[in-house]
Amino acid sequence: MSRKDRLTLFGEQVGFDVKVESDLIRAEHVPCLLANGVVGTCAIEKSCDPASKKPNARIGGADHAVKIILDEEHDGLVYHADGTPIGNYIGGDGKTWANISIKKGSSGSPEDDESVSDLIHRYAKQIVGAVSAAGYPDTASLTRRSPFKIPNTFEARAAIAPVQDRIRDQRIAIIGLGGTGAYVLDLVAKTPVKEIHLLDADEVDWHNFMRAPGAPTAEEIESKHEENLLKVDYYLAKYESLRDGIHPHTVRVDDLATFRDFLSNLAIDYAFVCIDQLAEGDSPRQDVVYSALNAAAVPFIDSGVSLSVERSVVRGAVTTGAYDAGSVAWKDAIPNARVEGNVPGYHNVQLPEVNALAAALAVMEWRRRTGQYVSESDSFLHKFRLERPCIRREMSN
């Protein structure tokens, strides 16, 4: 195997690209450690003689030196896991690039690199090795296409990129941004799905701040005093600093024809239904949502919270219903319509920890249904009762 093949193979393994020109080679988007342990990416560039492919001093400042170009502005250097700079500093701009030198062999017996590809491979191993030593074994996930505006070190540290590949191209709809829907957004926003569509036509009220993840800023509180704020705009502002691909829609879902038309113009791979149940009877708009998703062949997770206060204590249940594309099983279930039997269970009692639990169970069921968990379910409806804290299967397929 040639030295060039080794560099290319290493790039494929780690997740960086190799660009070859007649008089230079450049490794792009190489995972690296920046100052203070920040994870980033860089380019390693080196010039060579076009005929022999031997490295020369045109780029790097010496035959055995390279130019490091950071993909974001820091101090121009790359670091070991212990916080010391890699290589000997030759020169740079102190922001985005530096020439560094690492001699091959021992200091008393230096060796020449066989080719420019061999030299870059040697540097790349040290630079990437520092990232692995810092606790990021899956370095390839650091360079994978991502909707995030920050380095996705979570996947690299947890080594779950192959699991998340199953949802990376999905387009998700969250229907309803109340207590549960807001927590669903918080969880789904931290996955690498391609798009997240927020559907809610309501405005933020003061009670929403008390049962949603995070907290409003002082500016947002002042803004709420002065003017009304739509939920979709509020939550877009909360999460657009983290990632791209969040789309707000001020859509009411209580008209079947309107909602079906909306879905016909929006490609959705999976939906989360997190809308309130009316105080008495089955909510007509829930039937509208279910019917429209059924007609559009969109699989969905319905998350229901049914709580009541009786004798100064809270009782009730959290239900999670999962329905395949085109399924009409919801007609027999309507999971958030009742606590048990035919007893109405929704009394507008809200607790943030229960909303968070409902959202977590819904997202976990979505991960299960998309093949990310080892477990499989033989039921489309599960219920968590507060008085008996365990999850029960309510119905079987």
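Scan segment 139-168 for residues that are over 25 Å from Val66 (Cα atoms), surrounded by 14 or more Cβ atoms within 10 Å (Cβ to Cβ) and among the charged types (D, E, K, R) and jot them down.
Glu155, Arg157, Asp165, Arg168
Applying the selection to segment 155-180, what residues are farther than 19 Å from Ala292 by Cα and in contact (Cβ under 8 Å) with a residue 24 or more places away in the chain?
Taking segment 155-180 as the starting set, the residues that turn out to be farther than 19 Å from Ala292 by Cα are 155-170, 178-180.
Scanning segment 155-180 gives Glu155, Ala156, Val163, Gln164, Arg166, Ile167, Arg168, Asp169, Gln170, Gly178, Gly179, Thr180.
Among Gly129, Gly108, Gly83, Gly87, which is at positive phi and either loosely packed, with under 15 Cβ neighbours inside 10 Å or without any contact (Cβ under 8 Å) to a residue 12 or more places away in the chain (or both)? Please lay out each step first, then the result.
Numbers: Gly129 fails: at positive phi; Gly108 fails: at positive phi; Gly87 fails: either loosely packed, with under 15 Cβ neighbours inside 10 Å or without any contact (Cβ under 8 Å) to a residue 12 or more places away in the chain (or both).
Residue meeting the stated conditions: Gly83.
Going by the conditions given, is Phe272 under 22 Å from Ala356 (Cβ atoms), out of contact with any Gly (no Cβ under 6 Å at 6 or more places or on another chain) and modelled with pLDDT of 85 or more?
Working: under 22 Å from Ala356 (Cβ atoms): yes; out of contact with any Gly (no Cβ under 6 Å at 6 or more places or on another chain): yes; modelled with pLDDT of 85 or more: yes.
Yes, satisfied.
Any residue in segment 36-61 that's over 23 Å from Ile90 (Cβ atoms) and at pLDDT 90 or above: show its pairings with residues that are part of a loop (DSSP other than H, G, I, E, B) and among the small types (Gly, Ala, Ser) at Cβ separation under 8 Å, as long as the two are six or more apart or on different chains.
Pro50/Ser22
From the list Asp202, Asp233, Asp261, which residue is of a type in the set (Asp, Glu), under 25 Å from the mean Cα position of the chain (by Cα) and at pLDDT 85 or above? Walk me through it before giving the result.
On the way: Asp202 fails: under 25 Å from the mean Cα position of the chain (by Cα); Asp261 fails: under 25 Å from the mean Cα position of the chain (by Cα).
Sole residue among the options that is of a type in the set (Asp, Glu), under 25 Å from the mean Cα position of the chain (by Cα) and at pLDDT 85 or above: Asp233.
Could you list, in sequence order, the residues of segment 137-167 that are touching a Ser or Thr at 6+ places or on another chain (Cβ under 6 Å) and not β-branched (Val, Ile, Thr)?
Answer for segment 137-167, where residues must be touching a Ser or Thr at 6+ places or on another chain (Cβ under 6 Å) and not β-branched (Val, Ile, Thr): Asn152, Glu155, Ala156, Ala161, Arg166.
Report those strands (runs of 3 or more DSSP E) wholly inside segment 228-328 carrying at least 1 residues which are without any contact (Cβ under 8 Å) to a residue 60 or more places away in the chain and crowded, with 22+ Cβ neighbours inside 10 Å. Give the steps one after another, and end with the answer.
Values: elements: 246-249, 270-273, 300-310, 313-323.
Once the strands (runs of 3 or more DSSP E) in segment 228-328 are filtered for at least 1 residues that are without any contact (Cβ under 8 Å) to a residue 60 or more places away in the chain and crowded, with 22+ Cβ neighbours inside 10 Å, what remains is 246-249, 300-310, 313-323.
Being in a strand (DSSP E or B) and hydroxyl-bearing (Ser, Thr, Tyr) is the filter; apply it to segment 1-53 and report the residue that is farthest from the chain's Cα centre (by Cα).
Taking segment 1-53 and keeping what is in a strand (DSSP E or B), we get 17-21, 24-33, 39-48.
Among the residues that remain, those that are also hydroxyl-bearing (Ser, Thr, Tyr) are: 41, 47.
Numbers: Thr41: 19, Ser47: 38 Å.
Top of the filtered list is Ser47.
The values are calculated or read from the model by the stated rules, or taken from the named source; none is laboratory data. Just so it is clear, the structure is predicted and the values come from calculations on it, not from any experiment. Cβ coordinates were reconstructed from backbone atoms using ideal geometry, including for glycine residues, and neighbour counts include every protein chain displayed.
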